[in-house]
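The values are calculated or read from the model by the stated rules, or taken from the named source; none is laboratory data. Since we're looking at a predicted model, the values are computed, not measured. Counting neighbours? That spans all protein chains shown, and the Cβs are built from the backbone with ideal geometry, glycine included.
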Amino acid sequence: MITCYIALGSNLDEPESQLQEAVTALSRIEGLRLAAASPVYRSAAVGPGEQPDYLNAVLAVITDLQPLALLDALQAIEDRQGRQRGERWGPRTIDLDILLYGDQRIDLPRLQVPHPEMTGRNFVLVPLADICNPALRLPDGEELGSVVGRCPDARLERTRIRLKTH
């Protein structure tokens with residue numbers, strides 16, 4: 001069993017409901033157990049044109065799924081929730097990304113872990129730091145707390161929304 005961290009984001013079709021639906025779907029995956037959920041944050045959209053704000057969170061999961069099997073399961077949830085894969089950084093019903101898979105570095109055509117853009121995104125790092133030790137060593141050897149401290153200070157608002165993990 002390995003501990004993984006999964007980022008969730010949504011800015012379309014009732015984002016709070018989209019996040020909770022994804023958490024519920026994750027809880028039903030054989031070989032995966034939800035361990036913790038961060039608070040939900042509101043952030044400005046990163047990407048083209050005018051978009052609604054995003055709701056973002058991070059989950060800690062414990063799994064025996066291999067990395068690509070986990071990715072397939074996440075993409076199946078995205079597909080069921082109406083995710084359209086078109087415009088890069090475009091609006092979406094749900095976005096599920098593997099941030100960390102234990103302490104492994106993975107570089108495959110379909111999957112890069114740690115997520116290649118996570119260290120520049122406070123809407124990922126702050127919720128991640130909420131549910132794990134800031135002394136957590138990322139696969140490059142750097143501590144999470146140090147990376148969070150250097151992250152650009154884009155608008156990020158902690159909401160009162162709490163995801164139900166059981």
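Within the group Leu55, Leu71, which residue is surrounded by fewer than 21 Cβ atoms within 10 Å (Cβ to Cβ), modelled with pLDDT of 95 or more and touching a Lys or Arg at 6+ places or on another chain (Cβ under 8 Å)? Working first, answer last.
Working: Leu55 fails: surrounded by fewer than 21 Cβ atoms within 10 Å (Cβ to Cβ).
After applying the criteria, what remains is Leu71.
Being under 17 Å from Arg160 (Cβ atoms) and buried (at least 16 other Cβ atoms within 10 Å of the Cβ) is the filter here; which residues of the stretch 14-36 pass it? Before the answer, list the steps.
Step one: list which residues in the stretch 14-36 are under 17 Å from Arg160 (Cβ atoms), which gives 14-17, 19-20, 23.
Correct list: Pro15, Leu19, Gln20, Val23.
Where residues in the stretch 1-15 are of a type outside the set (A, V, I, L, M) and more than 17 Å from Ala69 (Cβ to Cβ), which of them is modelled with the lowest pLDDT?
Of the stretch 1-15, the ones of a type outside the set (A, V, I, L, M) are 3-5, 9-11, 13-15.
Subset that is more than 17 Å from Ala69 (Cβ to Cβ): 9-11, 13-15.
On the way: Gly9: 94, Ser10: 95, Asn11: 92, Asp13: 83, Glu14: 94, Pro15: 95.
Taking the candidates together, the pick is Asp13.
Matching residues to (1) in contact (Cβ under 8 Å) with a residue 24 or more places away in the chain; (2) surrounded by fewer than 16 Cβ atoms within 10 Å (Cβ to Cβ); (3) under 14 Å from the mean Cα position of the chain (by Cα):
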residue: Leu12; (1), (2), (3): yes, no, no
residue: Ser38; (1), (2), (3): yes, no, yes
residue: Arg42; (1), (2), (3): yes, no, yes
residue: Ala45; (1), (2), (3): yes, no, no
residue: Val61; (1), (2), (3): yes, no, yes
residue: Gln66; (1), (2), (3): no, yes, no
residue: Thr93; (1), (2), (3): yes, no, yes
residue: Gln104; (1), (2), (3): yes, yes, no
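For the stretch 16-51, a residue qualifies if it is more than 28 Å from Gly102 (Cα to Cα) and modelled with pLDDT under 95, and the qualifying residues are Ala44, Ala45, Gly47, Pro48, Gly49, Glu50, Gln51.
For the stretch 135-155, the criterion of being under 16 Å from the mean Cα position of the chain (by Cα) and either within 23 Å of Ile29 (Cβ to Cβ) or among the charged types (D, E, K, R) (or both) is met by no residue.
Quick one: would you say Leu128 is in contact with a strand residue (DSSP E or B) (Cβ under 6 Å, 6 or more places away or on another chain), hydrophobic (A, V, I, L, M, F, W, C), closer than 18 Å to Tyr54 by Cβ and not in a loop (DSSP other than H, G, I, E, B)? Yes: the conditions hold for Leu128.
Within the stretch 111-166, the set of residues being closer than 21 Å to Glu21 by Cβ, of a type in the set (A, V, I, L, M, F, W, C) and in contact with a Ser or Thr (Cβ under 6 Å, 6 or more places away or on another chain) comprises Phe123, Ile131. Please find, within the stretch 109-166, the residue that is surrounded by the fewest Cβ atoms within 10 Å (Cβ to Cβ) out of those that are in contact (Cβ under 8 Å) with a residue 40 or more places away in the chain and among the acidic types (Asp, Glu). Ranking the candidates gives Glu157 first. Tally up the residues in the stretch 68-77 that are under 19 Å from Ser17 (Cα atoms) and free of Cβ contacts under 8 Å to residues at least 40 places away in the same chain, please. Qualifying residue count, the stretch 68-77: 2.
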